[in-house]
Amino acid sequence: MNILVDELPSSVMIGGDEYRIRTDFRVWVLFEMLWQDDDMGESGKVRRSLEFCYYEIPARYGEAVNAHLGFYKCGREERARERAVAARRKRTRVYSFDYDADYIYAAFMTQYGIDLQDVDLHWWKFRAMFNALTSQNEFVKIMEYRGIDLTEDMPEGQKAFYRKMKTIHALPLPKGEEETQTAIEDALLNGGDLSGILGNGGG
C-alpha cells in the first residue's frame, strides 16, 4: 500500500469476504485510548474495539482482530528497527491522544491549517500528517522532552533543563503505577516503611 498512488481502503478482507471498516480518524483515536484504559480487561477491550471499528463484526473473530490491527497500523509491516522503536515507546510513552488533545489540535491547525473539529479525515491520512509534525509545534517539542535519554556525557545544565521539562510535561501514570508512586511519596515524606509497597526485595 502506497498512500501516494493507491486509494485508501474502507474495508478489509476476512475469509474471502469484504467487510466495511470505519475510517474516520476519531474512531482510531478512541481505539488507541481504549487500549490505554487500565480499568478494562483485555477481552473487554477486544470486544469494544471491534464494535468501534466495524459496521458489522465478522464471524471470524480472530481474523477480524488481526485485520483491524493491520488497519490501525496503516497497512504497514513493521521492520526490525520500527519494532525496536515501538518497543521503546511502549516503555516510555511520549504522547497521549487524551492528555495532549489540545496540543495535537493546535499543531494540525498551525502546520496544516486543518481544524480537526470540522473535517472528515481518513485515519491513514491523519497518521501520516501526525508523524510529519515538525518541531516548530509545541506538541513535538513536548514529545522530544518526554522521550529524550539523559546521558552521562550531557552537560549538567542541559540535564537539569530536560529533567525539568520531563517533570512539567510528564504523562499521568497508569492507575496502579500512580497509586504505588503516591504511596511511596507519602511514605518518604512521613518517614514510613516502604517494605509493604516495594515487597521484600525492594529498596
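The values are calculated or read from the model by the stated rules, or taken from the named source; none is laboratory data. Everything numeric here is computed off the predicted structure, so don't read it as measured data. For neighbour counting, all protein chains shown are included, and Cβ atoms are generated from backbone atoms with ideal geometry for every residue, glycine included. Heads up: the accessible areas ignore ligands, DNA and RNA and are worked out on the full protein's heavy atoms, side chains in. Shrake-Rupley method; radii C 1.70, N 1.55, O 1.52, S 1.80 Å.
Residues 150, 171: which one is more than 30 Å from residue 8 (Cα to Cα), open to solvent by less than 70 Å² (accessible area, probe 1.4 Å) and without any contact (Cβ under 8 Å) to a residue 60 or more places away in the chain? Spell out how you get there, then give the answer.
Values: 171 fails: without any contact (Cβ under 8 Å) to a residue 60 or more places away in the chain.
One residue alone meets the criteria, 150.
Does residue 131 qualify as being surrounded by fewer than 16 Cβ atoms within 10 Å (Cβ to Cβ) and farther than 23 Å from residue 54 by Cα?
Numbers: surrounded by fewer than 16 Cβ atoms within 10 Å (Cβ to Cβ): yes; farther than 23 Å from residue 54 by Cα: yes.
Considered against the rule, which asks whether it is surrounded by fewer than 16 Cβ atoms within 10 Å (Cβ to Cβ) and farther than 23 Å from residue 54 by Cα, residue 131 comes out as yes.
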### Query
How many residues does the stretch 105-136 hold that are in contact with a helix residue (DSSP H, G or I) (Cβ under 7 Å, 6 or more places away or on another chain) and within 12 Å of residue 95 (Cβ to Cβ)?
2
### Task
Go through (1) over 20 Å from residue 71 (Cα atoms); (2) part of a helix (DSSP H, G or I); (3) open to solvent by less than 70 Å² (accessible area, probe 1.4 Å); (4) of a type outside the set (Val, Ile, Thr) and name the single condition residue 158 misses.
(3)
### Query
Among the residues of the stretch 47-67, which ones are part of a loop (DSSP other than H, G, I, E, B), in contact with a helix residue (DSSP H, G or I) (Cβ under 8 Å, 6 or more places away or on another chain) and surrounded by fewer than 17 Cβ atoms within 10 Å (Cβ to Cβ)?
57
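Kindly indicate whether residue 52 is in contact with a Lys or Arg (Cβ under 8 Å, 6 or more places away or on another chain) and modelled with pLDDT of 95 or more. Spell out the reasoning first.
Values: in contact with a Lys or Arg (Cβ under 8 Å, 6 or more places away or on another chain): yes; modelled with pLDDT of 95 or more: no.
No; evaluated as a whole, the condition is false for this residue.
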### Message
Being in a loop (DSSP other than H, G, I, E, B), of a type in the set (A, V, I, L, M) and either closer than 27 Å to residue 105 by Cβ or open to solvent by 60 Å² or more (accessible area, probe 1.4 Å) (or both): is that true of residue 5 here?
### Response
yes
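Of the residues 72, 54, which is more than 23 Å from residue 93 (Cβ to Cβ) and of a type in the set (Phe, Trp, Tyr)?
On the way: 72 fails: more than 23 Å from residue 93 (Cβ to Cβ).
None of the others qualify; the one that does is 54.
Looking only at the stretch 139-149, which residues are assigned to a helix (DSSP H, G or I) and touching a helix residue (DSSP H, G or I) at 6+ places or on another chain (Cβ under 6 Å)?
Narrowing the stretch 139-149 to residues assigned to a helix (DSSP H, G or I): 139-147.
Of everything in the stretch 139-149, those that are assigned to a helix (DSSP H, G or I) and touching a helix residue (DSSP H, G or I) at 6+ places or on another chain (Cβ under 6 Å) turn out to be 139, 145.
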### Out of 78, 32, sole residue that is within 18 Å of residue 130 (Cβ to Cβ), modelled with pLDDT under 95 and open to solvent by less than 70 Å² (accessible area, probe 1.4 Å)
32
### Task
Could you figure out which of (1) of a type in the set (D, E, K, R); (2) in contact with a Lys or Arg (Cβ under 9 Å, 6 or more places away or on another chain); (3) without any contact (Cβ under 8 Å) to a residue 24 or more places away in the chain isn't true of residue 17?
(3)
### Query
Considering only the stretch 25-46, how many residues are more than 17 Å from the chain's Cα centre (by Cα) and either assigned to a helix (DSSP H, G or I) or in contact (Cβ under 8 Å) with a residue 60 or more places away in the chain (or both)?
2
